[in-house]
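No lab work stands behind these numbers, since they all come straight from the coordinates. All figures in this text were calculated on a predicted structure; none of them were measured in a lab. Here the Cβ positions follow ideal geometry from the backbone for every residue, glycine too, while neighbour counts run over all protein chains shown.
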Amino acid sequence: MASTELEEEQQIETPATNEIVLEPKLGPEWALAPIHLGVVAVFGVLFMTFNYMPLRATDLWGHVAYGQWILEHRALPTADPVLPLAEGMRVVDSAWLSQVIFAAAEQAGGPEALSTLFALVSIASLAVMTRVFWLQSHRIGVMLLGLLGILIVGLSRL
């Protein structure tokens, strides 16, 4: 009797093992390779680099000021509202959408939000151009060389 009681206790103490086995639903062509991790790492480092670059004193702040004016007045300016020496001068504001986006980002998070917006747009454009290099050549070396060329030219303009 003692052996059957011991067996019953062991059966009660050990839970039934219902292992869940995950099976992939996608084909092997969707599997990620180590090169994909490398590409993600490169773009992550580029994003951090772009995000921590200081915003230079270019016409960015003028665009932010125009965007703030547009948001305040809910209209496009017909005369230059920012420059005092250009008072009454007719202006055609063709960059109004980007100016509104800049002003909204600056209102939401200050200069840090503008820096993050710059990094996101830069990474998106680099990703598109890198994809074009890949589709045209199907060679990783050519793709990376094209990306390096774009970075050299682009960083010299910052």
About its Cα centre, how strong a charge dipole does the chain have in debye, to the nearest 20, once Lys and Arg get +1 and Asp and Glu get -1 at the Cβ?
1500 debye
Nearest 10 degrees, 0 to 90: helix 96-137 Cα axis against the chain principal axis
70 degrees
With Kirkwood radius over Cα pairs in Å in mind, check (1) 22.1; (2) 18.1; (3) 21.0 and report the label derived from this structure.
(3)
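Order these peptides, 75-85, 125-135, by their mean beta-carbon neighbour count within 10 angstrom, highest first.
Working: 75-85: 12.1, 125-135: 14.2.
Ranking, from highest mean packing down: 125-135, 75-85.
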When the helix-only estimate is applied to the chain (DSSP H runs of n ≥ 4, each -39,500 (n - 2.57), divided by the residue count), what is the mean residue ellipticity at 222 nm, nearest 500 deg cm²/dmol?
-23000 deg cm²/dmol
Residue-by-residue Karplus 3J(HN,Hα) for the range 25-35, coefficients 6.51, -1.76, 1.60, Hz, glycine and proline x:
9, 8, x, x, 5, 8, 5, 8, 9, x, 5
Please give the net charge around His73, taking every other residue with its beta carbon less than 14 angstrom from that of His73, where Lys and Arg add +1 and Asp and Glu add -1.
-2
Using DSSP loop states and a limit of at most 11 other Cβ atoms within 10 Å to flag GluC sites (Glu not before Pro), what is the longest stretch of the chain containing no flagged site?
88-158
Contour minus Cα-Cα span, Trp30 to Ala113, at 0.36 nm per residue, comes to 26.4 nm
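How big is the charge dipole of the range 61-143 about its Cα centre, in debye rounded to the nearest 20, if each Lys and Arg gets +1 on its Cβ and each Asp and Glu gets -1 on its Cβ?
Values: 4 positive and 6 negative charges, 100 e Å.
Dipole size: approximately 480 debye.
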